[in-house]
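Scroll down for the structure; my scribbles are underneath it.
The values are calculated or read from the model by the stated rules, or taken from the named source; none is laboratory data. Since the model is a prediction, treat every value here as computed from it, not as a measurement. We place every Cβ from the backbone using ideal geometry, glycine too, and count neighbours over all the protein chains shown.
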């Protein structure tokens, strides 16, 4: 079968830039930035550090959605804060729940931009017996044009801010009642892992993603372990080591092919950063070890990249890299030119890799029925009428 069109463009140009609303949300600011904002409304210098820490605790430990909840902050200060700022997260426009328990949220982003159409992204929560993984987006649309990915068919509207990225985690905890006061038999969090595998290429939104990850992994706030946060990239080689040094999070590579000719078509960015350069960057990724392996994602496309010869070359290419290989059965989407590999072929591919000494789990498709599985995140509401969108929004508001 044919693969992608010859020489598709590598990257898309953002159509818009973020415009802050008149009253910006404090979500996504660092402690230093919070102190600066407090100074802008007249809080004395000697109080700013303490006040910033109070705000940090209420936002990221207790999940406050209103300044009035901050009982150890004076009434006058709460009033002053409310006059200038909000604690707004992205708004849940629609929630879909899969038959397997996966939840997909369509989120509208707060912005001061008088756009014809509000900016929206999707994030997905995947519950499992031993963890709960939240897949978050880093851009509205996607920078890249990967031919097998539904998200890649969208235009790139703009980068998300750090607050909009962190805000997705906040929304998930809000919806799941997953803050400090949540009562459960075992006391465990529901959101235990975060993966930047949603809409967008995280390393093309470097500063905002870095700042968001530092907040998500801060031990005095949301406090997710860096080993439970994974950034997935299609291979923006210059920014791989930079992100590792800045954040220390786990790395995943969207590989999908073992020959440059094929990867050029599946992941056009490969023409800029070919496989050799990408793997060299992986070999020097800060902190990688047998205990902190790099994940290589490999979507299984029937008759395209699923032969045993491909498996053999994959093992050869990854020699010397602490790695595991996630095999992803292709998730179909309307208009796709690909088919998922036969299950028997996936098992043969996995067995060869496993026998070569690599972990090679086959990712169980989750949320396929609501287009929430890997590679399927393209807002279905783009195709809905205004009436249908309002109906979905009303359903979400009544939960």
| remark: Given (1) crowded, with 16+ Cβ neighbours inside 10 Å; (2) out of contact with any helix residue (DSSP H, G or I) (no Cβ under 9 Å at 6 or more places or on another chain), residue 316 misses just (1)
| The lone exception for residue 110 - which of (1) assigned to a loop (DSSP other than H, G, I, E, B); (2) within 25 Å of residue 188 (Cα to Cα) it fails | (2)
| field | Failed item, numbered, when residue 96 is tested on (1) within 24 Å of residue 222 (Cα to Cα); (2) in contact with a helix residue (DSSP H, G or I) (Cβ under 7 Å, 6 or more places away or on another chain); (3) touching a residue at least 60 places away in the same chain (Cβ under 8 Å) | value | (1)
| note | Residue set 270, 239; condition surrounded by fewer than 23 Cβ atoms within 10 Å (Cβ to Cβ), in the same structural domain as residue 141 (by TED's automatic domain parsing) and part of a helix (DSSP H, G or I); output residue 239
| request: Hey, can you tell me all the residues within segment 242-266 that are touching a strand residue (DSSP E or B) at 6+ places or on another chain (Cβ under 6 Å) and either in a strand (DSSP E or B) or on the phi < 0 side of the Ramachandran plot (or both)? | output: 249, 250, 251, 252, 253, 254, 255
| query | What number of residues within segment 216-236 are buried (at least 22 other Cβ atoms within 10 Å of the Cβ) and part of a helix (DSSP H, G or I)? | reply | 1
| note | For segment 31-65, the count of residues that are under 19 Å from residue 222 (Cβ atoms) and either assigned by TED's automatic domain parsing to the domain that holds residue 172 or in a helix (DSSP H, G or I) (or both) equals 13
